[in-house]
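In what follows, a structure is listed as structure tokens, so that the remarks can point back to it.
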Amino acid sequence: MSTEIELKLELPATEADKVRRLDWLRELSGPARCQQLVTVYFDTPKFKLRDRGLAIRVRRAGRRRLQAIKAINRSNGAFARDEWEQEISGDAPDLRLARGTPVAPLARKRLGRKLRPIFETVIERTTFPIHSERADLELALDRGHIKVHGGREREPISELEIEVKRGDSLELAKIARRLARSLSVGYAPRSKAERGYALSANQADDAVRGAEIVLDRTVSAGDALRIIGLSCLDHAVANERATRQGNTEGIHQMRVGLRRLRTALSLFKELVHGPETEAIKAELKWLSEQLAAARDLDVLIEKRVRPLRAAAPIGPAAAVLKQDLDARRAAALAKARAAVESDRYRSIGLRTALWLADGSWSRGEDPLLSSRRARPAAELAAEALSTRTKKVLKRLRRVEKLDAHGRHKLRIAVKKLRYACEFFGGLCSTAKHTARRKRFCKTLKGLQQLLGTLNDFEVHKGMAARIARPRKDTRAQVRKALAMGFITGQEQKQFTSCLRAIRVAGARLSKLPVFWR
């Protein structure tokens, strides 16, 4: 097995020819080499390999045939993916060579019979070898397309890959920063395999959920931050396409990825405090704010207004309100789309990825900071989870006395605690601790949903107040105000029962055994 350490960058097709003309690249690299690569990805019709985070591909490069088994999801840290590659004689996978790989438990005769070509990539690759005192790198410019096997669906590819062949992986970030100053590149974490599978399943525009985070119990706090942070960032960036398409679930998932990343930064604050971190956090907050209105309006329309359109006697007023809110949602979706199409967004993704990989927090020679980076992540996790759980339970005991702002802060605290439990779940040492973690997370999820419902009520009250004070008092405006008043009245009736359910869930949480000790 080898571990690929590579960074993938999205490049506008119109700028691909500029790569060869970069003066600094010509000074650093040897002669460029061009080749045609046709790579076929195999799986069962039900995507058995993909669902286990694996891919089998056979690449044709001239007369050579290379079979590779790859881990689709990153689990080894910054820009790293596991790969098992061997030369074969034919165009179909040779599962006899899968010994010692994660495919081995599946590589029976039945799997061999079920494997089919799913999609292929046709690439013109131009590679530039880059040599420095600390590392040997390879920069690859890939232009071509992904094509579904036996179908017409295809998607263009225009990207750069920087791979570490030997030496210090931090040299990769230096080259990426120079490319960012010369070209309109953006961080592109999704592999060709992930894109090909999404295209094959007709899910290219769908929302993408976050991948499970896997941490070894021996991992250091510094490496844990990289793994967790990049997983959260990848989750957010993977929903760029869905956000561009106006997919409200994609917008929601991008926001979830950003919130999880900001939670990770707060969990590891003893490692990353400083002006560089604050600048990153400010940019992540800006992006979250650009997406917020679209999600809030979608929840109001779909959960509250739409069900009322057929209800008498409020139906006609609800229809007028929906028409107004639809226009507001369209404007909010356009705002979200403009954000992810901006140069600022492109800069945020790459800047954050490189900061997680080799920001000043990871290179400081201060003895205290070095010891914090090197301490076991399990130790940091136990401290953080204990502290945050105590604070959440303290607030839950007096939840009925909290005002709207206090409940909002409690909701955020519960959400952060739940994310922390998900981040550190891989550190559970036994099956008993894993079962405890699942019960703990399930209870937190229920609490988060209940507190989220109360927060929605407050958001809707604010919208109702704005609608009730219009610039012009028209008949339509009266109907909209009537419908919003009806909705907030319904929600007020649900408030007491929701608060009671929060109190019950809080009592249940207080009795659960912890999983981190």
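Less than 12 Å from a label point 7 Å out along the Cα-to-Cβ axis of residue 327: which backbone N atoms in the range 477-517 qualify, by residue?
Zone members listed by number: 477.
Kirkwood Rh, the range 219-293, all Cα pairs: how many Å?
Its Kirkwood hydrodynamic radius stands at 12.8 Å.
If you put +1 on each Lys and Arg Cβ and -1 on each Asp and Glu Cβ, how big is the dipole of the range 286-511 around its Cα centre, in Debye rounded to 20?
940
Note down, for the range 324-452, the three equivalent ellipsoid semi-axes (square root of 5 times each alpha carbon gyration tensor eigenvalue), biggest first, whole angstrom.
They are 31, 28, 15 Å, listed largest first.
Farthest toward the dipole's positive end in the chain, which of 386, 182, 236, given Cβ charges of +1 (Lys, Arg) and -1 (Asp, Glu) about the Cα centre?
The listed residue farthest towards the positive side: 386.
Picking from 308, 339, 31, whose Cα lies most toward the positive end of the charge dipole for the chain (charges on Cβ: Lys, Arg +1; Asp, Glu -1)?
Of the options given, the answer is 308.
Estimate the FRET efficiency between residue 431 and residue 475 by the formula 1/(1 + (r/R0)^6), using the beta-carbon distance for r and 60 Å for R0, to the nearest 0.05.
Result of the calculation: an efficiency of 0.40.
Name the residue from 512, 499, 446 whose Cα lies farthest towards the positive end of the charge dipole of the range 405-517, charges +1 on Cβ of Lys and Arg and -1 on Cβ of Asp and Glu.
Projecting each Cα onto the dipole axis, the largest value belongs to 512.
Can you list which of the DSSP-assigned H helices in the chain have a Cα extent of 18 Å or more along the long axis and an average Kyte-Doolittle score of at least 0.5?
Membrane-span-like by this rule: 221-237.
Please compute, over every Cα-Cα pair in the range 2-204, the percentage with a separation greater than 23 angstrom.
When every Cα pair of the range 2-204 is considered, 46 percent fall beyond 23 Å.
Which links in 416/438; 303/391; 390/416 stretch past 24 Å when you go from one Cα to the other?
Long pairs (Cα-Cα over 24 Å): 303/391.
Counting Lys and Arg as +1 and Asp and Glu as -1, each charge on the Cβ, what is the dipole of the chain about the Cα centre in debye, to the nearest 20?
2700
How much mean residue ellipticity at 222 nm does the chain get from its helices, if each DSSP H run of length 4 or more adds -39500 (n - 2.57) and you divide by all residues, to the nearest 500 deg cm²/dmol?
Computed ellipticity for the chain at 222 nm equals -17500 deg cm²/dmol.
Under a crude label model (7 Å from the Cα following the beta-carbon direction), how far is residue 133 from residue 83 in nanometres?
2.9
Near residue 335, which lysines are there with a Cα under 21 Å away, not counting those fewer than 8 places off in the same chain?
Answer for residue 335, where 21 Å is the Cα cut-off: 281, 285, 322, listed by chain and number.
Remind me, relative contact order of the range 2-204 in percent, using alpha carbon pairs under 8 angstrom and six or more residues apart?
28
Magnitude of the Cβ-charge dipole of the range 259-343, K/R +1 and D/E -1, about the Cα centre, nearest 20 debye?
I would put it at about 480 debye.
Expressed as a whole percent, how much of the Cα-Cα distance distribution for the chain exceeds 42 Å?
Within the chain, distances greater than 42 Å cover 27 percent of Cα pairs.
Could you estimate the translational diffusion coefficient of the range 286-511 from the Stokes-Einstein equation, with Rh from the Kirkwood formula over C-alpha pairs, at 37 °C and 0.692 mPa s, in whole µm²/s?
Answer from the Stokes-Einstein relation: 156 µm²/s.
So what is the relative contact order for the chain, in percent, with contacts set as C-alpha pairs under 8 Å and at least six apart?
Once divided by the residue count of the chain, the mean separation gives 13 percent.
Please list, or write none, the aspartates and glutamates whose alpha carbon is within less than 17 Å of the alpha carbon of residue 165, excluding same-chain residues fewer than 8 places away.
Answer for residue 165, where 17 Å is the Cα cut-off: 4, 6, 82, 83, 85, 133, 136, 138, listed by chain and number.
All of the numbers you see were taken from the coordinates with simple rules; none came from a lab. The shown structure was predicted, so the numbers you read here are calculated from the model rather than taken from an experiment. Virtual Cβ from ideal backbone geometry, glycine too; neighbours counted across all protein chains shown.
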